[in-house]
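One structure is given here, and the rest of the page talks about it.
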Amino acid sequence: MKVSAEILKEADVLLTSFLTGMILLFVYDLLRIMRRLVSHKSWVTGAEDLLFWIGSAVALFAMLYRENSGYIRGFVIGGVVAGMLTYNLLFSRWVVKGSVFLLEKILFLVSRPIVWTARLLKGPLGHLKKMLKKVLRFWKKQLKKLWKAVRIGLCKL
């Protein structure tokens, strides 16, 4: 039994739309990971979502244009939705939680030397800061005295 080339082309379009749906939700998971690591204000989150959906629409249009000559077909939209649902049910939770866990551990390990160095330098730098304040206070008093003498000298002229 031979399958027609047209049906194979439709199956290829369905598979491409399914994979496109999975990729789109993976990209959104990257946004979710970033949001968990770095707190966002609500307007920034809204702007990110708007940019994501605009990008998704462009990607979907490009896929439809390339694969199906721009025709919007129900099974293509269904394939995208099915890809998103499949990714969401099977992978999304693991990708987000695992990535956040790993990135938090990496950031913790990277930041430790910086924290240790800051603690080590806190004592000497604090002492240096106190000495600098005393020196600056002394020079400020001297400059005030000098300015006062100059003003008095100018007034006598």
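Below is a table of values for the structure above.
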read-out	value
For Leu24: the one exception among (1) under 17 Å from the mean Cα position of the chain (by Cα); (2) over 18 Å from Asn88 (Cα atoms); (3) among the aliphatic types (A, V, I, L, M)	(2)
Test: residue in the range 33-42 that is in contact with a Lys or Arg (Cβ under 7 Å, 6 or more places away or on another chain), within 26 Å of Leu107 (Cα to Cα) and either of a type in the set (Gly, Ala, Ser) or crowded, with 16+ Cβ neighbours inside 10 Å (or both)	no
Answer residue from the range 55-87, given it is β-branched (Val, Ile, Thr) and farther than 10 Å from Thr16 by Cα and is nearest to the chain's Cα centre (by Cα) among those	Val58
Lys105 free of Cβ contacts under 8 Å to residues at least 12 places away in the same chain, loosely packed, with under 10 Cβ neighbours inside 10 Å and basic (Lys, Arg)	no
Residue within the range 93-101 that is among the aliphatic types (A, V, I, L, M) and either modelled with pLDDT under 90 or farther than 22 Å from Asp29 by Cβ (or both) present	no
Residue satisfying condition, being under 30 Å from Leu25 (Cβ atoms) and in a helix (DSSP H, G or I), within set Leu136, Leu132, Leu146, Leu90	Leu90
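The values are calculated or read from the model by the stated rules, or taken from the named source; none is laboratory data. Small disclaimer: the values here were computed from a predicted structure and weren't measured. Glycine also receives a Cβ, built like all others from the backbone with ideal geometry; neighbour counts cover every protein chain displayed.
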